[in-house]
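Heads up, the thing below is written out as structure tokens.
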Amino acid sequence: MRSLVRARATPIAERPPERRFIPSLPALDPWLLLPRLEPARAPRFPFDAETLAHAQRFYLARAGVHHAIRHFLDGKPGTVLMPAYHHGVEIEAARAAGARIELYRVYGDMQVDLEDVRARLASSGARVLYCTHFVGFAQPAREMARLAAEHGARLVEDCALALGSRDLDGRPLGTFGDAAVFCLYKTLPVPHGGLLYAPGVPLRPVAAPP
């Protein structure tokens, strides 16, 4: 008993460091976590039942970007208007889908220049307008959706870092456009996972197992 008491009284700084196990391979699939993401009240977008019924799941969100843009271009050459401030992988995904890329201006505070977007939509004939909610902060998605509709373009919202974010009116980001992509592992403790919410985009073809 005395030794037990002494062990409990040993200052933390004097105790030997704990050895932690770090797996070499991902051990948690994000889709196994989905049922546990539901709070006591009704789950929020994009984890509500109606959204998940139309959502497509990918290993990485950039694959969802490729799938949506390829559908919107319908296999034909077309211009996609994207922000000049970008990560790079979304540009590669759009190019892989057959897009020509034109960039629109983004200010130093990471807000888009709507007038530049308007002018470039008119001059380029872009078929897709790409809107990135940088670091989870809302872009003027309502206005961008209106501009896209006026010029016959589709709006894709990049919500890679905006999972659960809303605009000033409380509307969830990802609900303004024709498609929205979410990168789950940038917010949740999972090793991978991309979600594409685009009710008008058909399911991607899946190869049959050999």
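Take region 40-54 and flag every residue that is in contact (Cβ under 8 Å) with a residue 12 or more places away in the chain and open to solvent by 20 Å² or more (accessible area, probe 1.4 Å).
Correct list: R44, F45, F47, L52, H54.
Being part of a strand (DSSP E or B) and either touching a Lys or Arg at 6+ places or on another chain (Cβ under 7 Å) or free of Cβ contacts under 8 Å to residues at least 24 places away in the same chain (or both) is the filter here; which residues of region 83-102 pass it?
R100, I101, E102
Scan region 149-179 residue by residue and report those that are charged (D, E, K, R) and open to solvent by less than 70 Å² (accessible area, probe 1.4 Å).
So the first thing to find is which residues in region 149-179 are charged (D, E, K, R), and the list is 150, 154, 157-158, 166-167, 169, 171, 178.
Once the filter is applied, which keeps residues that are charged (D, E, K, R) and open to solvent by less than 70 Å² (accessible area, probe 1.4 Å), region 149-179 yields E157, D158, D167, D178.
Does region 74-82 contain any residue that is in a loop (DSSP other than H, G, I, E, B) and in contact with a Cys (Cβ under 8 Å, 6 or more places away or on another chain)?
Here is the first cut: in region 74-82, the ones in a loop (DSSP other than H, G, I, E, B) are 74-77.
Narrowing further to those that are in contact with a Cys (Cβ under 8 Å, 6 or more places away or on another chain): none.
Among the residues of region 74-82, not one is in a loop (DSSP other than H, G, I, E, B) and in contact with a Cys (Cβ under 8 Å, 6 or more places away or on another chain), which makes the answer no.
Going residue by residue through region 133-142, is there one that turns out to be charged (D, E, K, R), in contact (Cβ under 8 Å) with a residue 12 or more places away in the chain, within 21 Å of K76 (Cα to Cα) and not in a loop (DSSP other than H, G, I, E, B)? Spell out how you get there, then give the answer.
As a first pass, look at region 133-142 and keep what is charged (D, E, K, R): 142.
Restricting the remaining residues to those that are in contact (Cβ under 8 Å) with a residue 12 or more places away in the chain gives 142.
Now drop any that are not within 21 Å of K76 (Cα to Cα), which leaves none.
Among the residues of region 133-142, not one is charged (D, E, K, R), in contact (Cβ under 8 Å) with a residue 12 or more places away in the chain, within 21 Å of K76 (Cα to Cα) and not in a loop (DSSP other than H, G, I, E, B), which makes the answer no.
Please indicate, with yes or no, whether at least one residue in region 36-48 is at positive phi and at pLDDT 90 or above.
No.
Out of A122, A84, which single residue is out of contact with any Phe, Trp or Tyr (no Cβ under 8 Å at 6 or more places or on another chain) and on the phi < 0 side of the Ramachandran plot?
So the residue among A122, A84 that is out of contact with any Phe, Trp or Tyr (no Cβ under 8 Å at 6 or more places or on another chain) and on the phi < 0 side of the Ramachandran plot is A122.
Considering only residues that are out of contact with any strand residue (DSSP E or B) (no Cβ under 8 Å at 6 or more places or on another chain) and in a helix (DSSP H, G or I), which ones fall in region 103-119?
Within region 103-119, L114, E115, R118, A119 qualify.
Could you tell me whether R146 is assigned to a loop (DSSP other than H, G, I, E, B) and open to solvent by 20 Å² or more (accessible area, probe 1.4 Å)?
no
Out of the residues in region 87-107 that are in contact with a helix residue (DSSP H, G or I) (Cβ under 7 Å, 6 or more places away or on another chain) and not aliphatic (A, V, I, L, M), which is most open to solvent (accessible area, probe 1.4 Å)?
R105
The values are calculated or read from the model by the stated rules, or taken from the named source; none is laboratory data. Remember, it's a predicted structure, so these values are computed and weren't measured experimentally. Reconstructed Cβ throughout: ideal geometry from the backbone, glycine too, with neighbour counts over all protein chains shown. Side chains are part of the model used for accessible areas, which takes the heavy atoms of the whole protein and leaves out ligands, DNA and RNA. Shrake-Rupley method; radii C 1.70, N 1.55, O 1.52, S 1.80 Å.
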